[in-house]
Amino acid sequence: MSTTALLLTAVTAVIVLLILVIKLELPAFVALLLVAMGTAIVTGIPIESVVPTLIDGMGNTLGSVAIVVGLGSMLGRMIEVSGGADHLARTFTAKLGAKRVIAAVTIAAFILGIPVFFDVGFIILAPLVFGFAKISNINPIRIGLPVGAVLLTVHVTLPPHPGPVAAAAQVNADVGLVTIIGLAISAIVGVIGFFAAKLFKVDKIVLRESPASEALESGEDQPTEGTTRSVPSAGTVVGLIVLPIALIMIGSTLQTVLDEGNSLMPIAQFIGAPATALLLGLLVAYVVVGRKARWNKAKRSSVADSALPMVAVIIFVTGAGGAFGNVLVESGIGDSLASSLTAIGMPTIVAGFVISQALRAAQGSATVAILTTAGLLSTAISQGGYSPVETALITLAIGFGSLGLSHINDSGFWIVTKYLGLSVADGLKTWTVLTTICGVTGFLITWGVFQIV
């Protein structure tokens, strides 16, 4: 197919998907698979390869998401049912005041998100978001949106996340400069995103059945002095949340400082793997929370298992989103779009942002958008005579391009919307708009600095 035909097919596929989910209210899982299959056939993927392409996309996505979502949800469920999240929220709200809660959680998310993947960080912090929302009588969307936005911002711009690290390697950017400059710009973007999220009229949004709505409906009563004796302390809850994050941070740090052939590298990779960190965190919570809450073994297992039905839809829809995204990649839509934009001949830093954002919108994956854009522009950057600071800024512009336009072909879109109880339409009006605001803001700041240096 021609480039124009491929791009029109991609646009049509997204429109059809929106109609199926929003207007016809077809289950998102079914709609995603149906549109993915149709797109594969229309774009010329061999008929015998259509289903394997869907399976590969879903398998690759679930391989990284299912374990993380499952273990993270079980950990959060134990903290939530024990009253730990509620207790922590009450403690911090009493000290900070309800007006400072959203800012405090957002700042914590920014810091914790530096070493932790976006989906892992969001799932770990979700029980706190719901707990603070309930205690402070705040719509959980008001907290969840800025938390998700800052987590995604650092995920696409700062090492040790894979996209920025790989992009820096492809364009020969100094990782240290990318980190230092990226921290400063990302912090500003986080502040702007925080205030931008306040502008959304989320109080009129009716939450659908989700972990957020269930958390708000449970445990409404104020804990009494007697019951707090069996509730994990605020310090214990913080420790349980920080434990997997600390393990991931240690593993990531060791992988950064160790040589590739170092005998400790496999151990660092094992420790820093989200699956390892969350599994250990869950086991510690199984013992600590169960003992404090005075649960017997059967109760501990039933509480942990009760998290899985709640997130089954999230896991399946996220996997289907991965299948759709893989079809868009395998069909050549992303490559055609990138080639068309590269041929226009715009300034390199602008091209980095535009190509990355277009690829993000076309195929969903922020990391793929970053890597593809960096590969396309690597020659232009190496031959452009750019200084180390300018090269670092171009790398950041590519990262900010992948931040915006998170929508229905992005697995992260489904994680955020399904956890927060947002419909597809409400997710597009809030999450998609907020990520785009953050991405464009980050690029404009980066481009401004580029003009000065």
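Can you find a residue in region 92-114 that is modelled with pLDDT under 75, of a type in the set (S, T, N, Q) and more than 23 Å from SER306 (Cβ to Cβ)?
There is at least one residue in region 92-114 that is modelled with pLDDT under 75, of a type in the set (S, T, N, Q) and more than 23 Å from SER306 (Cβ to Cβ).
With respect to THR256, determine if the residue is within 25 Å of GLY113 (Cβ to Cβ) and at pLDDT 75 or above.
Judged against the criteria, THR256 is not a match.
Of all residues in region 107-120, which are in a helix (DSSP H, G or I) and of a type outside the set (Phe, Trp, Tyr)?
ILE107, ALA108, ALA109, ILE111, LEU112, GLY113, ASP119, VAL120 - these are the residues of region 107-120 that are in a helix (DSSP H, G or I) and of a type outside the set (Phe, Trp, Tyr).
Hey, does region 428-446 have a residue that's within 17 Å of the chain's Cα centre (by Cα), surrounded by fewer than 22 Cβ atoms within 10 Å (Cβ to Cβ) and over 30 Å from ALA5 (Cβ atoms)?
Among the residues of region 428-446, at least one is within 17 Å of the chain's Cα centre (by Cα), surrounded by fewer than 22 Cβ atoms within 10 Å (Cβ to Cβ) and over 30 Å from ALA5 (Cβ atoms), which makes the answer yes.
Among the helices (runs of 4 or more DSSP H) confined wholly to region 124-223, which include 1 or more residues that are hydroxyl-bearing (Ser, Thr, Tyr)?
By residue number, 140-157, 175-198, 211-217.
Residue under question is ALA104, and the condition is that it be crowded, with 24+ Cβ neighbours inside 10 Å and assigned to a helix (DSSP H, G or I); does it hold?
Against the criterion (crowded, with 24+ Cβ neighbours inside 10 Å and assigned to a helix (DSSP H, G or I)), ALA104 does not qualify.
Out of (1) of a type outside the set (Val, Ile, Thr); (2) modelled with pLDDT of 85 or more; (3) in a helix (DSSP H, G or I); (4) surrounded by fewer than 16 Cβ atoms within 10 Å (Cβ to Cβ), the odd one out for ARG360 is which?
(4)
Kindly indicate whether any position in region 384-402 is buried (at least 24 other Cβ atoms within 10 Å of the Cβ), under 28 Å from LEU17 (Cα atoms) and modelled with pLDDT under 85.
No, every residue in region 384-402 fails to be buried (at least 24 other Cβ atoms within 10 Å of the Cβ), under 28 Å from LEU17 (Cα atoms) and modelled with pLDDT under 85.
I'm trying to understand the selection: among the residues of region 119-135, which are of a type outside the set (D, E, K, R) and surrounded by fewer than 23 Cβ atoms within 10 Å (Cβ to Cβ)?
ILE135
Considering only residues of region 13-58 that are of a type in the set (Gly, Ala, Ser) and surrounded by 16 or more Cβ atoms within 10 Å (Cβ to Cβ), which is nearest to ILE415 (Cα to Cα)?
ALA28
What number of residues in region 405-432 are assigned to a loop (DSSP other than H, G, I, E, B) and of a type in the set (Val, Ile, Thr)?
The number of residues fulfilling the criteria is 1.
Kindly indicate whether LEU278 is closer than 15 Å to GLY251 by Cα and surrounded by 21 or more Cβ atoms within 10 Å (Cβ to Cβ).
So LEU278 fits the description; yes.
When you check LEU158 against the structure, is it under 15 Å from GLY401 (Cα atoms) and touching a residue at least 12 places away in the same chain (Cβ under 8 Å), yes or no?
Against the criterion (under 15 Å from GLY401 (Cα atoms) and touching a residue at least 12 places away in the same chain (Cβ under 8 Å)), LEU158 qualifies.
Which of the following residues is in a helix (DSSP H, G or I), among the small types (Gly, Ala, Ser) and surrounded by fewer than 24 Cβ atoms within 10 Å (Cβ to Cβ): GLY76, GLY63, GLY72?
After ruling out the rest, the residue left standing is GLY63.
Among the numbered criteria (1) part of a helix (DSSP H, G or I); (2) closer than 26 Å to ALA126 by Cα; (3) not charged (D, E, K, R), which one does TRP295 miss?
Going through (1) part of a helix (DSSP H, G or I); (2) closer than 26 Å to ALA126 by Cα; (3) not charged (D, E, K, R) one by one, TRP295 breaks only (1).
Please count how many residues of region 402-453 are of a type in the set (S, T, N, Q), within 22 Å of GLU390 (Cα to Cα) and out of contact with any Leu (no Cβ under 8 Å at 6 or more places or on another chain).
Final tally of qualifying residues: 2.
Sort out which residues of region 185-195 are closer than 12 Å to GLY442 by Cβ and surrounded by fewer than 19 Cβ atoms within 10 Å (Cβ to Cβ), and write them in order of number.
Result: ALA187, ILE188, VAL191, ILE192.
Could you tell me how many of the residues in region 363-379 are more than 18 Å from HIS161 (Cα to Cα) and crowded, with 16+ Cβ neighbours inside 10 Å?
Matching residues across region 363-379 total 3.
Is it the case that ASP86 is farther than 22 Å from ALA312 by Cα, surrounded by 16 or more Cβ atoms within 10 Å (Cβ to Cβ) and of a type in the set (Asp, Glu)?
Yes: the conditions hold for ASP86.
In region 1-46, how many are more than 25 Å from the chain's Cα centre (by Cα), closer than 16 Å to GLY332 by Cα and either part of a helix (DSSP H, G or I) or modelled with pLDDT under 85 (or both)?
16
The values are calculated or read from the model by the stated rules, or taken from the named source; none is laboratory data. Not measured: the values here are computed from a predicted model. With ideal geometry, Cβ positions are generated from the backbone for all residues, glycine too; neighbour counts draw on all protein chains shown.
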